[in-house]
Amino acid sequence: MASPLVQLSKVNKHFGDLHVLQDIDLEVNKGEVVILIGPSGSGKSTLCRTINRLETFESGSILIDGVPLPEEGRALAQLRADVGMVFQSFNLFAHKTILENVTLGPMKVRKLARADAEKEAMQLLERVGVAHQAKKVPAQLSGGQQQRVAIARSLAMHPKVMLFDEPTSALDPEMINEVLDVMVELAASGMTMIVVTHEMGFARKAADRVVFMDAGQIVETAVPNEFFANPKTDRAKDFLSKILTH
Ligand SMILES: Nc1ncnc2c1ncn2[C@@H]1O[C@H](COP(=O)(O)OP(=O)(O)OP(=O)(O)O)[C@@H](O)[C@H]1O
Ligand SMILES: [Mg+2]
């Protein structure tokens, strides 16, 4: 059997005295969609940032497609291409057009010629439904549109896995679904995804597995229906009772 695409073994990390990641073991197979949920401060964002090497860790190992996370240099740039990340805030380049935002990385890192980069970028913008906005700058787009551009920009790097850290939590309610729809389509297309979200509808529709974190530990892992209907640990029950009453 093929090795997992993402493999964390006994990963530990501290912020000063805070043991923010405690012996984290997590394997994500190719094409799998994993939802990461848990209380505020449990370490979800830190875990994502560590997988993308935006944070260092002290012990344990992280392999992407069988290869340890690189320290620096070209290998790190390649890792950032292989592991796409979409944040709560869209982080688009404000003074560049939508099209430029999507072509920049492929031209710089994948060394594509401008014409090729633009052709592919337009296809991706089409896929996320914002191709008609290609000539505008980010501030001229709605939050939901900007987040879809951010997804297209990550996809333009041909990532092996996509990390999403609360991609819809900064959006007005009417824009949440247009972003989730793109993510559902991406999941159906076979993309390997790790998604921090409290959107239960998305979890039920698209997730293969729910991973519940609390206080720096993975406490429980289950398929979505099982997790939501029959959480096994008191910590998960307590967490679900709080979010499901909203
Ligand atoms: N750069 C940092 N320096 C020090 N402490 C940090 C840093 N980043 C995060 N922390 C702390 O680490 C813990 C985990 O934070 P993290 O952002 O990973 O939680 P989270 O599960 O993503 O929470 P939320 O649901 O609120 O986004 C928190 O106690 C946070 O205050
Ligand atoms: Mg977070």
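Structural remarks
- When Gly129, Gly144 are checked against the criterion of being in contact (Cβ under 8 Å) with a residue 12 or more places away in the chain, on the phi > 0 side of the Ramachandran plot and not charged (D, E, K, R), a single residue qualifies: Gly129.
- Here Leu47 meets each of (1) in a helix (DSSP H, G or I); (2) of a type in the set (A, V, I, L, M, F, W, C); (3) away from ligand 2 (no atom under 16 Å from the Cβ); (4) at pLDDT 95 or above with one exception, condition (3).
- The set of residues from region 3-25 being within 16 Å of ligand 1 (Cβ to nearest atom), touching a helix residue (DSSP H, G or I) at 6+ places or on another chain (Cβ under 8 Å) and aliphatic (A, V, I, L, M) comprises Leu8, Val11, Val20, Leu21, Ile24.
- One residue from Ala222, Ala229 being modelled with pLDDT of 95 or more, aliphatic (A, V, I, L, M) and either surrounded by 18 or more Cβ atoms within 10 Å (Cβ to Cβ) or farther than 13 Å from Gln88 by Cα (or both): Ala222
- Boolean, Leu36 is surrounded by 18 or more Cβ atoms within 10 Å (Cβ to Cβ) and either touching a Pro at 6+ places or on another chain (Cβ under 6 Å) or not in a helix (DSSP H, G or I) (or both): yes
- Leading residue by the ranking (farthest from Arg209 (Cα to Cα)) among those in region 6-19 that are touching a Leu at 6+ places or on another chain (Cβ under 9 Å) and hydrophobic (A, V, I, L, M, F, W, C): Val11
- Arg110 being under 16 Å from the mean Cα position of the chain (by Cα), more than 16 Å from ligand 2 (Cβ to nearest atom) and either over 23 Å from Ala222 (Cα atoms) or surrounded by 16 or more Cβ atoms within 10 Å (Cβ to Cβ) (or both): no
The values are calculated or read from the model by the stated rules, or taken from the named source; none is laboratory data. Just so it is clear, the structure is predicted and the values come from calculations on it, not from any experiment. Note: ideal-geometry Cβ built from the backbone for every residue, glycine included; neighbour counts use all protein chains shown.
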